[in-house]
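One structure is given below, encoded as structure tokens.
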Amino acid sequence: MSESSSRTPMGTNGEAPAAGARPAGLSAQLRVLAQYVRDLSFESPAAPDSLAAGQTAPQVEINVDVQSRRREDGLFESDLRISASATRGDATVFLAELVYGGLFEISSVPNEALEPILLIECPRLLFPFARRVLSDATADGGYPPLLLEPIDFVSLYRAQAARRQAAAAAGPGPAANG
């Protein structure tokens, strides 16, 4: 999968292909048409006490989820959902939730390749921008900026596929008695 390039692709003999011809390797396209904050929430329930100097660093838990869908107009949406909760003991220091979305045009891609593109490549393109929004939100809340480590979207996708496969293999659960 490659984005459009301004370079002239070369044919197998080292010459530029005929006008209008597209080399087979460059036929698939992924274009980011828009990216946006769909939802952003930041709560600091114990402020200003939680901001006092000399306190121990909070425990921070990060959860990431990716969702995507095909739109009626043939475009695709991908949402990167990141939630961060920071606690000190039993006290909540802050809660931050972000849904960062993107609108994508994907063409010349076989149907079986769409899901990995939507759940790996699209969030990979969105992540740096979502990371900045979350960092700014925590900094604006009075805390050090929350700098997320890079996310391995391939591993997330594989884990999600394995869970779906295991659930399918287990079959439907026992019927509930009414």
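The values are calculated or read from the model by the stated rules, or taken from the named source; none is laboratory data. Please read all numbers here as calculations on a predicted model, not as lab measurements. All Cβ positions, even for glycine, are placed from backbone atoms using ideal geometry, and neighbour counts span all protein chains on display.
Okay, here's what the table says:
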quantity: Identity of the residue in region 61-91, among the aliphatic types (A, V, I, L, M) and farther than 23 Å from VAL154 by Cα, that ends up surrounded by the most Cβ atoms within 10 Å (Cβ to Cβ); calculated: ALA86
quantity: Filtered residues of region 88-98 (kept if assigned to a strand (DSSP E or B) and either of a type outside the set (S, T, N, Q) or at pLDDT 95 or above (or both)); calculated: ARG88, ALA91, VAL93, PHE94, LEU95, ALA96, GLU97, LEU98
quantity: Single residue of GLY74, GLY54, GLY101 found to be assigned to a loop (DSSP other than H, G, I, E, B) and under 25 Å from the mean Cα position of the chain (by Cα); calculated: GLY74
quantity: Subset tally (residues that are closer than 15 Å to LEU75 by Cα and in contact with a helix residue (DSSP H, G or I) (Cβ under 7 Å, 6 or more places away or on another chain)) for region 120-131; calculated: 0
quantity: Qualifying residue in region 127-145 (condition: of a type in the set (A, V, I, L, M), surrounded by 13 or more Cβ atoms within 10 Å (Cβ to Cβ) and not in a helix (DSSP H, G or I)); calculated: no
quantity: Residue within region 103-111 that is at pLDDT 90 or above and either on the phi > 0 side of the Ramachandran plot or of a type in the set (Lys, Arg) (or both) present; calculated: yes
quantity: Set LEU103, LEU95, LEU134, LEU114: member being over 18 Å from ARG38 (Cβ atoms) and either out of contact with any helix residue (DSSP H, G or I) (no Cβ under 8 Å at 6 or more places or on another chain) or in contact (Cβ under 8 Å) with a residue 12 or more places away in the chain (or both); calculated: LEU114
quantity: Per-region count, region 33-60, residues farther than 23 Å from LEU148 by Cβ and either surrounded by 15 or more Cβ atoms within 10 Å (Cβ to Cβ) or charged (D, E, K, R) (or both); calculated: 1
